[in-house]
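Okay, structure first, notes after.
The values are calculated or read from the model by the stated rules, or taken from the named source; none is laboratory data. Here the structure is a predicted model, which is why all the values come from computation and not from measurement. Because the Cβ atoms are built from the backbone with ideal geometry, glycine has one as well, and the counts that use them run over all protein chains shown. Please note that ligands, DNA and RNA were not included when accessible areas were found on the heavy atoms of the full protein model with its side chains. Shrake-Rupley method; radii C 1.70, N 1.55, O 1.52, S 1.80 Å.
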Amino acid sequence: MTARYGIIGYPLGHTMSPVLHNWGFGQFGLDARYEAWPLEPEGLSAFIERVRTDDIRGVSVTIPHKRTVMEFLDRITDRAKAVGAVNTLYWDGGELCGENTDVIGLVAPLRKLARPASALVLGAGGAARAAVAGLLELGIGDVAVANRTASKADSLAQDFNVRAIPWENRMDHAPGLICNTTPLGMAGAMEDRTPWDADRFPAGCIAYDIVYNPLETRFLREAREAGCATVSGLEMFLHQGLAQFALWTRLNMDEECARVLLLDALAGKRS
Ligand code: NAP
């Protein structure tokens, strides 16, 4: 029987996850299919029952279910507990488990670069929590967070025992890594915007934008022009997906081929 996988979220906008996972199943000749399952919040409990009874082998979880799904699971990894959110359901023996591969995905491209001594995370939403958890997992000693709404930065900083910096003063600091987790720069109404002034990038810093559409946001373009190393959100997306696939199948997709696949998908060559 064809093994079933999918993504839940609501509203479930366009996602590249089916392209990635279905391609991976094809590469390994697996009889499996990954689908998009829009799911309203009221349907979550019944859906998890279906996962248990209908032999669904793995699920990607996105907004608004990342936190609420946790109460329905048998086990949650320490990483997902630290973030307070799950983006992946997988089976371990008979137990339905929750992991957060956004953290793994965020950290993976940074492991290829020299580790910065300090980092500043811009934003304090769900992605920022994954970013702070990942940067701490990477061993960065000095992590700070700045957010437009100060109370949210304070609360995140308290949860992770890191520093909160007023949004207005964010550019007075010279971190080794600046990680944008706000939607500033995203295709559409936000595309022309950036959370950082072009002439304020610290020398030698790494600029990381978790937005991946466009591939090079204004923030990344200006950082590159200022001589900084840059990391696109596509790397995070790619690696969170590779980690999901490995949890589900114990197989590793070819990273470079998967990257090309996603670049094509982003350019509209696949859907
Ligand atoms: P979220 O929980 O809604 O948080 C959004 C954050 O951005 C909040 O801190 C918010 O500040 C801030 N923000 C929104 N508009 C702003 C503005 N005009 N100026 C300054 N700050 C602003 O969203 P999320 O789940 O963290 O996701 C954030 C982004 O990450 C999205 O673009 C999402 O697509 C992307 N993402 C990418 C990946 C990947 O794999 N690359 C994975 C997950 C998420 P306030 O608190 O003041 O509202």
Problem set entry | Sites K81 and L263 - FRET efficiency at Förster radius 45 Å, r taken between beta-carbons, to 0.05 | 0.85
Exercise. Per 5 Å bin, what is the whole-percent P(r) computed from every C-alpha pair distance within the range 186-271?
Worked result: 3, 14, 20, 20, 17, 12, 9, 4, 1, 0
Exercise. How big is the antiparallel share of DSSP beta bridges in the chain, given as a percent to the nearest 5?
Worked result: 20 percent
Problem set entry | Cα→Cβ-extended label distance, 7 Å offset, between N252 and E191, nm | 3.7 nm
Exercise. In square angstrom, rounded to the nearest 10, how much accessible surface does V260 have for a 1.4 Å probe?
Worked result: 70 Å²
Exercise. Which of these, G98, G58, G204, has the largest mean-square fluctuation under a Gaussian network model of the chain (Cα springs below 10 Å)?
Worked result: G204
Problem set entry | Within the chain, longest stretch free of exposed trypsin sites (Lys or Arg not before Pro) [DSSP loop, at most 12 other beta carbons within 10 Å] | 1-249
For this session: Mind running the shape call on the chain? Use the C-alpha gyration tensor, a ≥ b ≥ c as the square roots of the eigenvalues: rounded below 1.5 for a/c, prolate if a/b tops b/c, oblate otherwise.
Result: prolate
For this session: Just check the range 104-231 against the gyration tensor rule for me: Cα atoms, a ≥ b ≥ c as the square roots of the eigenvalues, rounded for a/c under 1.5, and otherwise prolate or oblate depending on whether a/b exceeds b/c.
Result: rounded
Problem set entry | DSSP bridge orientation in the range 104-231 - percent antiparallel, rounded to nearest 5 | 0 percent
For this session: Sorted from largest down, give the three principal axis spans of the alpha carbons of the range 43-182, whole angstrom values.
Result: 54, 32, 21
Exercise. Kyte-Doolittle mean at least -1.0 and Cα extent at least 20 Å along the axis: which DSSP H helices of the chain qualify?
Worked result: 233-249
For this session: Report the label-to-label distance for T53 and R33 in nanometres (one decimal), using points 7 Å from each Cα along the Cα→Cβ vector.
Result: 2.1 nm
